[in-house]
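Everything on this sheet refers to the single structure shown next.
Please treat every number below as a calculation from the coordinates, not as lab data. From a predicted model like this one, the values you see are computed outputs, not experimental measurements. FYI the Cβ positions are ideal-geometry reconstructions off the backbone, even for glycines, and counts take in every protein chain you see.
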Amino acid sequence: MDPPTVADPGAAPTDPSAPTILDGWPGGPLGFRQRSIRYHRPRAPVCGRGDCTGCLVRVNGVPNVRACQYRPGPNDRIETENAWPSPRFDLGRIFDLLFPRGIDTTRGLLRPSAARPVYQWVVRRLAGYGRFPTPSAPTPPAPARRFEAEVGIVGAGPAGRAVAARLALEPGGTTVILDRTDSGRGPAGTTRLFRSTAVFLPPPVAGRERPFTLWAVGPGGEGLRIEARQVVVATGGYDASLLFGNGDRPGVLTADGALAFAAGTDRPPFAEAVVVGGGPRAAEILDRFGDRVGAVVAPTSIDPEVVDRAAQHGIPLYPRTLLLRARGFGRVTGVDLAARGSGPSFHRRADAVIVALRRLPNAQLFFQAGARLLWHPRPGAYFPRLTEGGESSVPGLWGVGGVAGDPPGDPVAQGIRVAEAILGHRPTGEPRPLPRWEPPELEGYVAELAARRPPRGKWVACPCEDVLLSEVEEAVRRGYHGIEAVKRYTGLGTGLCQGRYCLPDALLWLAALEHRPIPEIGYITQRPPVVPTPLGTWAGLPDGEEAAP
């Protein structure tokens, strides 16, 4: 029998009170309003989706608020972070100038011994994000709410909503759908939790009636505990960054960030951007910003659809080209490029760099649940190993949409396929092959870039923690092999973005440095939470109930 028809699960209008991307950024989107924590390098929005640390501000005494996700009120006090006396003229910038090769905080602050108290004060000052919060009237945490469900769905994009809509057609089952935004709505008949982030705490416990426990954080910091028999991860994907010299300058942003600017009424804050990428995502950027793109740069070949769009706007193309570094201080003023092979380097003027090279899965929950993941060399990412029906190696844990590597064509059909498998109307099938991926393989590109890396300019491998590529290389020289050991030695991947923007590139670089395949280099341990979580959320647990460690 054919499955019931699922109506459009995303037809509800957007809540007009929802935060608008980049509404809260004071002083212009690409004008920097904060400084990095160690070298006080200028920072500006990068991702436009609330993942990176490029737009952190202090709001009403609360530090580390992502401005791109916050709508300021008329009486809000918005201040900068990590800058004195101002972000435009920050005396802390002297660290960036005095230490062009980085600060060796591990071995370099030992002598003279009389200066150690000063060293320690400096290190402590450089070790955190902003000052402690100073709320005017601290409020006790709200009690946690508890839900029991047959299926919990994390992610309310088109695929996640389609799963919920199909499950809602079956009587008797309970479904909880949650999402960190409030721009979408789940179908009627489901419990909908929006502006919430979730983690597995504890990891799935086989043999229990409801083996999955999801701890979520609601919009007011309240705890939400969902106990489910099965969980569908529909967290989608994101545009990854790319490592190059001075790649942390204001004006470097992902395709997600560029398209977030297009969602507003203001004109995009660039007029001559360089787009990095030659595939479908680059074509999408040209469709939206063709008159504001000065060049397209790609590691290897460029797709015909990108060539056609570039020809319409007279945009020059640079296939098989290395992006060596960005120039500029207050923001990007140009880029240095070089043809791959033995081609000479050359300079091109630009006021922004839009990285539209590859989309990676938001797969942290699969790592956290202990599901099997496989390395896909073309996009340079780990993808969950799923069956044809969408089930992972952990029974009852499913993936759908971008996080599963599903093609972007028909997310509703993808959601129905997973829902049918959950309901038992369709077998889960054998493990399916890794998703087909057209962009070029990046391991060879990174190996060549490492050999031709210019000596000038900082290569920031982890913008959240100001970890330099030279520190990663030093760790390898000192015998720290594998991504987990390098993370512990350098701090790479431990910032607020939880490694989303540094770990994929770090794996590629470690493969070149250690001359090993990436699966042998491994991945970092994914401990909860995968997003920053207020401690008050855990304090809201009911009396006598303990959260698992």
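Observations, loosely collected:
- Interchain or long-range residues, amide H under 5 Å from Phe147's placed H: Arg225, Ile226, Glu227
- Contour minus Cα-Cα distance for Arg101 and Leu423 (0.36 nm per residue): 110.2 nm
- Here Thr213, Thr175 are placed in order of increasing Cβ neighbour count within 10 Å, fewest first, which gives Thr213, Thr175.
- Nearest-0.05 FRET efficiency for Tyr119 and Arg267, computed from C-beta distance (R0 45 Å): 0.45
- Where labels lie 7 Å past Cα in the beta-carbon direction, separation of Glu448 and Arg432 in nm: 3.3
- Residue by residue, the stretch 277-285 carries 3J(HN,Hα) couplings of x, x, x, x, 5, 5, 4, 5, 5 Hz when phi is fed to the Karplus relation 6.51 cos²θ - 1.76 cosθ + 1.60 (θ = phi - 60°); x denotes Gly or Pro.
- For His376, residues with placed amide H under 5 Å, excluding near neighbours: Ala381, Tyr382, Phe383
- Cα gyration tensor category, rounded, prolate or oblate, for the stretch 251-357 with a/c compared to 1.5: oblate
- Inter-label distance, nm, simple model (7 Å from Cα along the C-beta direction), Arg93/Thr333: 1.2
- Computed over the chain, the per-residue total of -39500 (n - 2.57) for DSSP H runs of n ≥ 4 gives a 222 nm mean residue ellipticity of -6000 deg cm²/dmol, rounded to 500.
- Net charge of Cβ neighbours under 12 Å - reference Pro504; Lys, Arg +1; Asp, Glu -1: 0
- Listed options for Cα extents along the principal axes in Å are (i) 67, 58, 51; (ii) 71, 64, 45; (iii) 79, 78, 44. The value calculated from this structure is the one marked (i).
- Rg and Dmax of the stretch 204-271, Cα atoms only, in Å: 19.7, 58
- The stretch 371-462, Cα convex hull volume normalised per residue, Å³: 123
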